[in-house]
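Notes follow once the structure below has been shown.
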Amino acid sequence: MQIRKANDADLGEIRNLLNEHGLPVEDVSTTLIEGFLVAENASGTIVGSGGLEQIGSSVLLRSLALKSEWRGTGVARELVERLEDNARLLGQQEVWLLTTTAECFFERAGYERVSRDEVPGEVRSCRQFAVLCPSTATCMRKRLLPRSSPTPVERLVSS
């Protein structure tokens, strides 16, 4: 399994994954792809993806999707950890997200349920919050702790 930064050529596969899981694809484009990571199996097939969207001074974890047969393998957790590391590199101390189906997964990853009123205004007004995700979606936040040693992503970015 390899996790790498997504590129424009991955856009179709990422959108297919999101469609398979009923997640919004309308705003996933080549301009947004910069914040995405993909997980590939040994044969180079994309089996998972997730992204960070910088919104003003905040960051939104979004579009986490995994092929069904890869659930329970730790790939989604690794994607989330790498996305959190990328958020730290951006100087973020919190990560926000909306979910309709994965509250338990994110709680196990250290996220807490919060009221939409606690979300920074710039995030509340983004398209993901205001239009694409239903108002019934669970809003969650994770406060990021600094890493004491460089992660593989930090080593990769700094090299």
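Here the simple spin-label model places points 7 Å from the Cα toward Cβ, and for T30 and D117 these points are separated by 4.4 nm. Under the simplified labelling scheme, the L144-A9 pair shows an inter-label distance of 2.9 nm, with each label point 7 Å from Cα along Cα→Cβ. The modelled label-to-label distance between Q93 and E78, using points 7 Å beyond Cα along the C-beta direction, is 3.2 nm.
Estimated from helical segments only, the mean residue ellipticity of the chain at 222 nm is -7000 deg cm²/dmol, where each DSSP H run of four or more residues counts as -39500 (n - 2.57).
Normalised by the number of residues in region 2-147, the average gap of Cα pairs under 8 Å and 6 or more apart makes the relative contact order 20 percent. With neighbours defined as other Cβ atoms within 10 Å of a residue's Cβ, the residues D85, D117, D8 order from fewest to most as D117, D8, D85. Calculated on the alpha-carbon coordinates, the convex hull of the chain measures out at 118 cubic angstrom per residue. Using only side-chain charges placed at the Cβ, +1 for Lys and Arg and -1 for Asp and Glu, the dipole size of the chain relative to its Cα centre rounds to 320 debye. Amide hydrogen proximity for L144: with H placed 1.01 Å from N in the peptide plane, the residues at 5 or more positions away or on another chain lying under 5 Å are E94, V95. Placing one equal scatterer on every Cα of region 51-107 and applying the Debye formula, the log10 ratio I(q)/I(0) at q = 0.21, 0.31 Å⁻¹ is -0.82, -1.40.
Placing unit charges on the Cβ atoms of the charged side chains and taking the dipole of the chain about its Cα centre, the candidate lying farthest along the positive direction among C133, V59, L32 is V59.
Throughout, read-outs are computed from the coordinates displayed, never taken from laboratory work. Here the structure is a predicted model, which is why all the values come from computation and not from measurement. Every residue, glycine among them, receives a Cβ derived from its backbone with ideal geometry; neighbour counts consider all protein chains shown.
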